[in-house]
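These notes are about the structure you will find just below.
The values are calculated or read from the model by the stated rules, or taken from the named source; none is laboratory data. Treat the numbers as computed from the prediction; the structure is a model and nothing was measured. With ideal geometry, Cβ positions are generated from the backbone for all residues, glycine too; neighbour counts draw on all protein chains shown.
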Amino acid sequence: MIQNNMTCDNDSELHRSCDNEANRFCGLDIHKSSIIACIKNISLKEQVRTFGTTTTDLEKLRDWLYENEITHLAMESTGSYWKPVFNILDEGDKIKLMLVNAKQLKFVPGRKSDVKDCQWLSHLLQLGLLKGSFVPPEDIRNLRDLTRYEVKLQHQLTGHKNRIHRILHECNIKLCDVLTDIFGKTGFKILKDLSEGKTDAEELSKYFLQFAALKKKYDKARIALNGKVSDHHQFMLRSALNQIESALKEIDDVNSRIKEKVKMKFSKEQDLLKTIPGVDEKTSQTIIAELGVDMEVFPSENHAASWAGTCPSKNKSGENIRHVKNSGNRHLKSALNQSSWSTIKCKDSFLKGKYYYLAGKIGAKRALSAIANKLLKSAYHVLSSGKSYIDRHGRSEINSGNMCYLNGVNSFKDKINLVKNYVRDLNKDGYKTVFEISDN
């Protein structure tokens, strides 16, 4: 159940609240232009009403709920239609809101209608059979919108660049053969000239003489830039270049806004996350935006990994094991998978050794996913403890008084297990090693 914009996973507390006769329940079936509401409790007659989705109608819905002294409300997470409803009903903190995943309700038998949907929601809520989704505070939600929008802009930018590559292939301009990045300083100047009708290969190749590293490619560039550029290709290049410039400006504005918000409220959490190997500024921003900074909403690191979808799935029946892909939070998973590439390149890193150990057993791709899972659990412990991450094999392990390990290490048991792993590896390599624990 969501309390103060957070998830409550305590089922016993939910059942206690639902068994209380003083509680009154409501189920909402939300659509684009209408909302069907059903209220009920043990001593209250069931009522069903229909409201619109304008701000005035939502305020009428809120007043109607207050008049009937509704204490608990459940709604389906239907697209983005639930957000304005949630924002208005959450203002007074008088009603405990629960956002329910629609997948948990779609296999309900019986006839299907909007009225029956809201009645079924209120009935399940009264029985305490619904599990609420994680809804972060408003400042985290706003930051999440910015980070996801920035990713969307990056995808659009990539699409514009791919379009230019296709145009150059049609013109038989082999700029990619002489420049690693055709959207760098030299490449952008050449693309600008081509879009303006300057197609002479001799003139275009002179840009290679302006930099010492490109002078040796001058002769090859004169051949590569000899193509056939029509008026249509010039127009398409101009349009794509304008889109790229606009997207770059928009990305800079969004990045500035993200940095400003993080620096204002979450600078401490970002500094802690950046101590994890492979986690840079961009990844730390995504973790804060998607996971939040209050880890009390997740009972354990495994719950956080299950919510994000980084943990391996379990689907076993008898001797048959099915490998099912976890849905989870695709935005967070994508950021962690990208960071895991940087993590496995960090020197003297425990996670690097863990990757190569797993890669030999389960393959490189699955091992990379395992490292992403480790990164998420590391972020969970760093944010929950408020202490910096320190690598198990790092040199600063001696000064670990104010540090935490991957699994909240620093305990005697974890140190013993670590030494046992070393002893086992030495014995595999042919060394005879004995490890004993003294009574002292």
Inset, instruction - Give me a count of the residues in segment 141-168 that are over 18 Å from N255 (Cβ atoms) and either of a type in the set (F, W, Y) or under 19 Å from the mean Cα position of the chain (by Cα) (or both). - result: 1
Legend entry - Residue check for I2: under 24 Å from Y81 (Cα atoms), at pLDDT 50 or above, touching a strand residue (DSSP E or B) at 6+ places or on another chain (Cβ under 8 Å) and among the aliphatic types (A, V, I, L, M): no
Inset, instruction - Hey, can you tell me all the residues within segment 165-210 that are basic (K, R) and part of a loop (DSSP other than H, G, I, E, B)? - result: K174, K198
Inset, instruction - Could you please give the count of residues in segment 197-222 that are touching a residue at least 40 places away in the same chain (Cβ under 8 Å) and surrounded by fewer than 16 Cβ atoms within 10 Å (Cβ to Cβ)? - result: 1
Legend entry - Pair list, Cβ < 9 Å and 6+ apart or interchain, from segment 109-121 residues that are within 16 Å of T50 (Cβ to Cβ) and surrounded by 10 or more Cβ atoms within 10 Å (Cβ to Cβ) to residues that are among the hydroxyl-bearing types (S, T, Y) and at pLDDT 85 or above: D114/S34; D114/T50; V115/T50
Inset, instruction - Kindly establish whether I251 is of a type in the set (A, V, I, L, M, F, W, C), under 23 Å from I390 (Cα atoms), modelled with pLDDT of 95 or more and assigned to a helix (DSSP H, G or I). - result: no
Inset, instruction - Only helices (runs of 4 or more DSSP H) wholly contained in segment 316-430 count here; list those with 2 or more residues that are modelled with pLDDT of 85 or more. - result: 330-343, 350-362, 364-385
Inset, instruction - Working carefully through the options F188, F183, F107, F134, find the one that is within 25 Å of K261 (Cα to Cα) and either at pLDDT below 90 or among the aromatic types (F, W, Y) (or both). - result: F134
Legend entry - Failed criterion for F435 (all others in (1) surrounded by 11 or more Cβ atoms within 10 Å (Cβ to Cβ); (2) assigned by TED's automatic domain parsing to the domain that holds L336; (3) modelled with pLDDT under 80 hold): (2)
